[in-house]
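This report concerns only the one structure given below.
The values are calculated or read from the model by the stated rules, or taken from the named source; none is laboratory data. The model shown is predicted, which means the values in this text are computed figures rather than measured ones. Because the Cβ atoms are built from the backbone with ideal geometry, glycine has one as well, and the counts that use them run over all protein chains shown. Only protein heavy atoms, including side chains, enter the accessible area calculation; ligands, DNA and RNA are left aside. Shrake-Rupley method; radii C 1.70, N 1.55, O 1.52, S 1.80 Å.
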Amino acid sequence: MTTVDYQARIPNNVDLGENRRLQRALESWQPRFMDWWREMGPEGFQDKDVYLRTAVDVGAEGWAQWDHVKMPDYRWGIFLAEPKQERTIGFGEPLGQPAWQEVPGEHRNALRRLIVVQGDTEPASVEQQRHLGKIAPSLYDLRNLFQVNVEEGRHLWAMVYLLHAHFGRDGREEAEGLLERHSGDADRPRILGAFNEDTPDWLSFYMFTYFTDRDGKFQLASLAESGFDPLARTCEFMLKEEAHHMFVGTTGISRVVQRTAELMLEHDTDDVRPFGGIDLATLQRYINFHYSVSLDLFGAETSTNAANYYAAGLKGRFRERQRADDHSLLDATYPVHEVRAGVVEAVDTPALLALNQTLQDDYIRNCESGLAQWNGILKRSGIDFELRLPHRGFHREVGVFSGHTISPEGRIVSQDEWHRFAGKWLPSSDDRLFVRSLMIAVREVGRIAAWIAPPAKGINDRPWDWEYVRTAD
Ligand code: BYC
């Protein structure tokens, strides 16, 4: 069942060849995907050889093959993690029942919605990042960008497979829609807010892969618990690829911090802009922005949607099976933040309703790890400055904090104060212009832009100064 048919037009480990109808449907979607990739995918470089890893197996070891390939020749395929024998559902009302191999009729709409929302984010991120190749700081970074892009394309395939295989005609229509909505499109935008924002520069890209891809990790991990087994197995395999995307973010920001610290010491100043570096205050504002728009991706802190998904066995919690409770949460409570009489307070709430905040809390704890790493660099350099995550209520448009103006420290402020300080708290147009001005393409092996340090090592045991992308004409 899990042997990968790599020779097929669509590589897969789901025995696609045995289901002619499904195979034909996906083969007719494939050219549309390729048109979308050419029109909305990475700008330029489509005819260049890029050192990419391609998923060729789903086992723990040796699942990837590495080679220089042209992006349009990348083998986008359908890979589900190994089935677990006699897997049972781990939460909600169907707790303990055998996992479903087919969509239960009563959960069809909810499951389709979850799959469509997940699927919509994947091509959206490729669209957001399509201009970045032209301004990459090194060949190493250029390759990482394209690796992320082709894998987000594969994640789109993963969701399209589920829609085609399990949701009939409306699934096929939704699959078309995934290529018709576009990031930032005035008429047909992407579904979730953060996926309509611009990613105009590489600092934004690293922030996006750190904060927004990390939402992906937590959402995918919750869907990997799903009672609908094909969704669970699909997401489990996607998480393997996702780890690299977050690595790109964590190490990308580390390298920016490292370079900034070097320039601060060399010139004995905080103001490294004249020396071509990104000052720590600007970095903090970028963190404030990307963290807050990513928190919005969790939906409202209290949500009947989330409660229904959980009770129905469709979407679990992060690491559901490792939690020592009854996995039904009918009698449990959870502290949820509320704004009451001008202060932020945690209020005990039925745990089922609080699942979005529960996941958000897991995410926030995980976000702290990068901050510790970046602050470690500053500390080792003897620089007395700490990068911080802003308060969870800062700059929020979804949930309990929307409609409130809250400072990065968590103080509720007047509209007037908000407008006076917004330029100190969020990237200003001047910050964005400055960061943009640093984005000059570097394409020689062994060279790197001046605003970022080289990586500690390369990809797949190659040196970092290697021809990861053959850019010559
Ligand atoms: N923007 O009860 P509510 C990734 C909608 S990222 C716009 O508050 P719910 C990736 C919501 O859809 C992970 N609309 O929230 C990262 C609902 O509308 P409907 C993506 C929003 O439903 C980087 C209404 O507001 N995966 O993989 O409990 C690169 C009330 O909703 C927003 C998923 O998100 C928003 N921010 O939870 C590439 C997993 N937030 O349905 C990829 C699947 C909420 O009433 N999705 N709304 O019309 C879900 O689990 C849930 O849909 C959400 C929302 C967590 C997103």
Next on the checklist: Against the condition within 11 Å of the ligand (Cβ to nearest atom), in a helix (DSSP H, G or I) and on the phi < 0 side of the Ramachandran plot, how does PHE237 come out, does it pass?
Outcome noted: no
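Look through ALA261, ALA243 and report the one residue that is out of contact with any His (no Cβ under 8 Å at 6 or more places or on another chain) and in contact (Cβ under 8 Å) with a residue 60 or more places away in the chain.
Checking each option against the conditions leaves just ALA261.
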Checklist entry - Do you know which residues across region 191-213 are in a helix (DSSP H, G or I), near the ligand (Cβ under 8 Å from one of its atoms) and of a type outside the set (S, T, N, Q)? => result GLY193, ALA194, PHE195, PHE208, ASP213
Next on the checklist: Against the condition at positive phi and away from the ligand (no atom under 14 Å from the Cβ), how does GLY133 come out, does it pass?
Outcome noted: no
Checklist entry - Take the residues of region 172-185 that are in contact with a Leu (Cβ under 8 Å, 6 or more places away or on another chain) and buried (at least 22 other Cβ atoms within 10 Å of the Cβ): which is farthest from GLN147 (Cα to Cα)? => result ALA175
Checklist entry - For HIS166, all conditions in the list (1) within 15 Å of PRO72 (Cα to Cα); (2) of a type outside the set (S, T, N, Q); (3) open to solvent by 10 Å² or more (accessible area, probe 1.4 Å); (4) in contact with a strand residue (DSSP E or B) (Cβ under 9 Å, 6 or more places away or on another chain) hold save one; what is the number of the exception? => result (1)
Checklist entry - Looking at LEU145, LEU114, LEU156, which one is within 11 Å of the ligand (Cβ to nearest atom), part of a helix (DSSP H, G or I) and out of contact with any Lys or Arg (no Cβ under 9 Å at 6 or more places or on another chain)? => result LEU156
Checklist outcome for this item: Considering region 308-321, residues that are open to solvent by less than 10 Å² (accessible area, probe 1.4 Å) and in a helix (DSSP H, G or I), and then whichever is farthest from the ligand (Cβ to nearest atom), we arrive at GLU320
Checklist entry - Does THR250 fit the bill of being at pLDDT 95 or above, within 16 Å of the ligand (Cβ to nearest atom), farther than 17 Å from ALA194 by Cβ and touching a Ser or Thr at 6+ places or on another chain (Cβ under 7 Å)? => result no
Item to check | Where ASP384 falls short, out of the listed (1) surrounded by 18 or more Cβ atoms within 10 Å (Cβ to Cβ); (2) modelled with pLDDT of 95 or more | outcome: (1)
Checklist entry - Hey, among THR2, THR88, which residue is at pLDDT 95 or above, among the polar types (S, T, N, Q) and in contact with a Gly (Cβ under 9 Å, 6 or more places away or on another chain)? => result THR88
Checklist outcome for this item: Subset of region 186-198, residues surrounded by fewer than 13 Cβ atoms within 10 Å (Cβ to Cβ) and modelled with pLDDT of 95 or more, comes to ALA186, ASP187, ARG188
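I'd like to verify a number: residues in region 398-421 that are exposed (fewer than 13 other Cβ atoms within 10 Å of the Cβ) and either within 16 Å of the ligand (Cβ to nearest atom) or outside any loop (DSSP other than H, G, I, E, B) (or both), how many?
The total comes to 6.
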Checklist entry - Has region 150-164 got any residue that is in contact (Cβ under 8 Å) with a residue 60 or more places away in the chain, among the basic types (Lys, Arg) and within 18 Å of LEU80 (Cα to Cα)? => result yes
Next on the checklist: Go through region 422-473 and report how many residues are touching a residue at least 24 places away in the same chain (Cβ under 8 Å), farther than 25 Å from GLY276 by Cα, part of a loop (DSSP other than H, G, I, E, B) and over 24 Å from the mean Cα position of the chain (by Cα).
Outcome noted: 3
Next on the checklist: Taking the criterion of being farther than 24 Å from MET34 by Cβ and either crowded, with 17+ Cβ neighbours inside 10 Å or not basic (Lys, Arg) (or both), would at least one residue in region 121-133 satisfy it?
Outcome noted: no
Checklist entry - Of the residues that sit in region 83-111 and are open to solvent by 90 Å² or more (accessible area, probe 1.4 Å) and either free of Cβ contacts under 8 Å to residues at least 24 places away in the same chain or in a helix (DSSP H, G or I) (or both), which one is nearest to PHE33 (Cα to Cα)? => result ASN109
Next on the checklist: Return the residues of region 26-82 that are part of a loop (DSSP other than H, G, I, E, B), under 17 Å from LEU239 (Cβ atoms) and open to solvent by less than 40 Å² (accessible area, probe 1.4 Å); say none if nothing qualifies.
Outcome noted: VAL58, GLY59, TRP63, GLY77, PHE79, LEU80, ALA81
